[in-house]
Every structure is written in C-alpha cells, then in structure tokens.
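Step one of this worksheet: look at the structure below.
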Amino acid sequence: MKKTIPALLVFLALALMTAGAVLAQSGNPGEPTDDQVNTIAKQLYCPVCENIPLDVCGTQACAQWRDLIREKLGQGWSEAQIKQYFATQYGDRVLATPPARGLNWLVYIVPPMAILAGIYILYRAFQSWKRPSAEEDVKAAEPVPPPADDYVLRLEEELKKR
Amino acid sequence: MSTNTTETVAPEAKVRARPHWGRILVWVGVLGLLAILALGLRRAQQGPITVGDTVPNFTLTTFDGKTINLTDLKGKVVVLNFWASWCKPCEQEAADLEAAWRLYQPDGKVVFLGADYVDTEPEALGYLKKFNITYPNGPDLGTRISQAFRIRGVPETYIIDDENVLRSVQIGPFGSLSQIQGMIDPLLGQ
C-alpha cells in the first residue's frame, strides 16, 4: 500500500501534465494555422507583386490577402471555394494553375502533343538513318557487274568458242 | 500494250489521290495554334487607352450592390479613380477627390467613380470610412476595368468626357483640389 500511493501520485501528476499540454496545443480550435493559410496562399499570386507566390510575398496587399484566406478558413470555407473566390474577385491570373477551361485547355493539351509529335519525328528520323546504311551493306556484298561493252562481249564469245 | 500501260498507271493514280489525313490534321493544328498565338500577341501589343480614344464600356458594381455602366453616363464627365487600401499614395489624394466630388455633385454634370484595385473588402470599406468618401466605389472585379485601361499602378485617374472619350490621365496622386478642377472644368465649358 505504501508503495502504491507514491506511484499513484506520480501517475496523477503525469496525467495532469499531459492534459495541460493537450489544452495548450488545442488553443483556439476555430482558428486556422499558418500552415493551412500558406497551403492555399502558395497556390495564389497577387497581381501587384508579379511572379511572387502569395505565401512569401511581403507587401501589405499580400498580407491582407493572407488575412482574408485565414478569415474564410475560419468561416469553414474549403480550399476550392477560397480559390474560386479569389479567381472571381481578381481574375484567373491570380491562380498558380490555370483552370482547365476555354483556351486554357491548350496549356494542358499542347505540351503533351508536342512531346508525342517530337517522339514520332525522332522515330521516323532514326528509321530513315538506318535504312540507307543497310541497303549500302547489301550492295557492297554483291559482285560488281561487268561493264556492258560490245567489244568485251565479242571477245568473251570468241574465247568460249576456242 | 496500251492496256498494260493503263493497268500500271491506275494503281499509282489511286495512291496519289488518297489524301494524307494525318498530315492535314497536323497542319490544321499547327495553323490553328499559330492563329491563336497571333491573336494573343496582337492583344498583348495593344497599348493602353490613350487620350482621344473612346473608352470601351465597363461595369462597376459598387460595394453596396449598385451597377454602373459607363455608357449610361453619356452626357456627363466621368472621373474614374483607381485606388487600393494598401496604397499609401492613394491616401494623399483621397481628401481632395472627395472635396472635388462634393463641389461638382450639386450640378450633376460630373460623376466620380472609384475602382478598388486588388483589394480586400473589409480594408477597402475601412479606407472609405476613414476618408469619409461618399462617391460610388466598388471592387474592380476580375481586374477587368484596370486591364482595359492597362493601369501601371495605383493611384491613377482617368477623366472621360460626356461622349465617353478619354480626355486626360493623372498617373500618381493629385497634388491639390485645384489640380483636379483644372482637369475637369475645361470639359464642362464645351
């Protein structure tokens, strides 16, 4: 019994510490974390600071945008909804990945098509390089035909008669 | 003999007559792409609306939900100001623009419009409240208006006459109320 009481106290102390830690971690459960905000922010570009993703942009405009993302996440908006909101408000050009509609389809279709066409052209080129060399080898193996000269032919016939 | 010739020529003619659909398709694709590229380049090379050009119609939806079309404002001088709450130079001219609006508002011959560029609504509304701005203001949805004018930054102000022709441009903030008047008054005397 004497041994069990200190062990019980230690267990209780540890349990309380763990509970405290859990409470500290949860903090404000409704507030989105910076990581959640930046996950969406890195997929957006502010037109004011071209070519700088929103998550690393240091201007006030970008800070306001990040605050807006945080606010929308806090309201329970999904990532897709937030991106759609920004596209509606500021145009498709704020999206890192252009939406697959209209002429934007070209971005997704043309590069694979160009790669396939390139592979086909290379294939045909390699084939055309291979073909003449094989024919030349065959030609080289064949005996050279004698010149079709009348004088030589008559001479050969004379020789055969003898 | 003549029959033989016919027999040998006929298959060749058939082969030649057959269209190479693959090649045709590739060429159509390439030409289509070039056409799209040319259109894109032509669009990119179009400069900003310059003084003397007729301003294409645009629609501004204000923060309180009203829709304003430029074409509906024919017969009035339009002062279109691009601004943002994060723009410090915009703050320099905010009071002067509001003072000018209050000066011209009673006659009804001049309309002031504020296009809020790449901004967030709470901050924009805070800015309007801070400077007590009462003329119609709204977000530049999809940055369509600023792209049409090809603005280089904020603030920029475009003065459009009663025939929707661009008459003057102010890049950067106005320095004073008299400067704003100096751009509007000549258009009212026409």
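Among B:K88/B:K129; B:K88/B:K130; A:K42/A:K72; A:K83/B:K66, which pairs are too far apart, with a Cα-Cα distance over 18 Å? Provide the component values of the computation, followed by the final result.
Working: B:K88/B:K129 16 Å; B:K88/B:K130 13 Å; A:K42/A:K72 16 Å; A:K83/B:K66 25 Å.
From the list (B:K88/B:K129; B:K88/B:K130; A:K42/A:K72; A:K83/B:K66), the Cα-Cα distance tops 18 Å for A:K83/B:K66.
Taking the 0 to 90 degree range and rounding to the nearest ten, how far is the long axis of helix B:2-17 tilted relative to the main principal axis of chain B, both from C-alpha atoms?
With rounding to tens, the tilt is 20 degrees.
Starting from the Cα of B:V165, move 7 Å in the Cα-to-Cβ direction to define the label point; list residues of segment B:82-115 whose amide nitrogen is under 13 Å from there.
none
State the Kirkwood hydrodynamic radius of segment B:59-188 in Å, one decimal place, computed from all pairs of distinct Cα atoms. Write out the running numbers ahead of the final one.
Details: mean 1/r = 0.0690 Å⁻¹.
Evaluated on segment B:59-188, it is 14.5 Å.
Compute the signed sum of charges (Lys and Arg +1, Asp and Glu -1) over the other residues within less than 12 Å, Cβ to Cβ, of B:Q179. Intermediate values should be presented prior to the final figure.
On the way: positive: none; negative: B:E93, B:D96, B:D185.
So the environment of B:Q179 carries a net charge of -3.
For A:Q60 and A:A117 in the same chain, what is the full-extension length gain: residue separation times 0.36 nm, less their Cα-Cα distance, in nm?
On the way: separation 57, 0.36 × 57 = 20.52 nm, distance 4.62 nm.
In short, 15.9 nm is gained.
Please turn the phi angles of segment B:46-52 into ³J(HN,Hα) values with the Karplus equation 6.51 cos²θ - 1.76 cosθ + 1.60 (θ = phi - 60°), one per residue in order, whole Hz, x for glycine and proline.
5, x, x, 5, 9, 4, x
Compute the distance in nm between two label points, each set 7 Å from the Cα along the Cα-to-Cβ direction, one at A:Q36 and one at A:A125.
Result: 5.3 nm between the two label points.
Any chance you could give the angle, 0 to 90 degrees and rounded to 10, that helix B:21-45 forms with the longest Cα principal axis of chain B?
Taking the Cα atoms of chain B, the angle to B:21-45 is about 20 degrees.
Could you list A:L44, A:L153 in order of exposure, starting from the residue whose Cβ has the fewest other Cβ atoms within 10 Å?
Values: A:L44 22, A:L153 12.
Arranged by neighbour count, lowest to highest, A:L44, A:L153 become A:L153, A:L44.
Enumerate the amide H contacts of B:V55 below 5 Å, restricted to partners 5 or more residues apart or on another chain; note that Pro and chain-start residues carry no placed amide H.
Result for B:V55 returns B:V165, B:L166.
Where a number appears in this text, it was derived from the coordinates with a stated rule and is not lab data. Fair warning: this is a prediction, and the values are worked out from it, not measured in the lab. FYI the Cβ positions are ideal-geometry reconstructions off the backbone, even for glycines, and counts take in every protein chain you see.
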